[in-house]
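One structure below.
Every number here is computed from the coordinates shown, using simple stated rules; none is lab data. Every value quoted in this text rests on a predicted model; they were computed, and no experiment measured them. With ideal geometry, Cβ positions are generated from the backbone for all residues, glycine too; neighbour counts draw on all protein chains shown.
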């Protein structure tokens, strides 16, 4: 079992639709990051959330950290084909800032 | 800022040979770097944590004698796959630790024939 459960695993939608990806855990994290990875490349950092209840926006992407710092969500508004990729969340341990727990990933495909 | 490079991006080698992959933090110093392996359509699998000036910490099931890690400076870590076999073929990704986040390299596609 993974410490950080990410859902859904796969998502195929039409351009213009909205979507939400979830990362859930029973553990508390000191911070949580979201990354996007395209095929054949390394993950690229999208955002870091640190404070419980924090909401961050990056153009059409909205990231939220749960009040208890155990879960997070990524909402994309009006998805575009350029949003296609593997989205990964990573929670950082409370006790070791070098210990990251990665979710299993969400493979998003946005069809034109 | 926070750029990590990896070299080579692709390598093909024969079974039994060794391959070295370099990971560099270009514009910041990283006391800690990580090495991951990624299988198709899957998330990242942590292989080891590399700390500058000390021995790497390997995850359970990763052979330290096969995957040699050296973190000789604050900007360079290397992964050497020794006596490579076809089952070692994979996408290897390094990352460097920033203030709170990891910054990833572009990855190295290793193919062992």
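The figures follow:
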read-out	value
Gaussian network model of chain B, Cα within-10 Å springs - most flexible of B:47, B:97, B:33	B:97
Cα centroid of segment A:76-112 to Cα centroid of segment B:57-113, whole Å	21
B:90, A:27 arranged by Cβ crowding within 10 Å, fewest neighbours leading	A:27, B:90
Computed Rg/Rh of segment B:5-80, alpha carbon atoms with Kirkwood Rh	0.96
Most mobile of B:75, B:17, B:49 in a GNM of chain B (Cα contacts under 10 Å)	B:17
Whether segment B:37-113 is rounded, prolate or oblate, judged on the alpha carbon gyration tensor where a/c under 1.5 counts as rounded	oblate
Whether chain A is rounded, prolate or oblate, judged on the alpha carbon gyration tensor where a/c under 1.5 counts as rounded	prolate
Rg/Rg_ref, segment B:38-81, where Rg_ref = 2.2 N^0.38 Å and atoms are Cα	1.22
Most fluctuating residue given options B:61, B:53, B:16, as computed from a GNM of chain B linking Cα atoms under 10 Å	B:61
FRET efficiency for residue B:65 and residue A:62, using Cβ-Cβ distance with R0 set to 41 Å, rounded to 0.05	0.30
Descending semi-axes in Å of the protein assembly as shown, equivalent ellipsoid built from Cα gyration tensor	30, 21, 15
Computed over chain A: relative contact order in percent, which uses C-alpha pairs under 8 Å that are six or more apart	36
Three-way shape call for segment A:73-112 based on the alpha-carbon gyration tensor, with the a/c threshold at 1.5	prolate
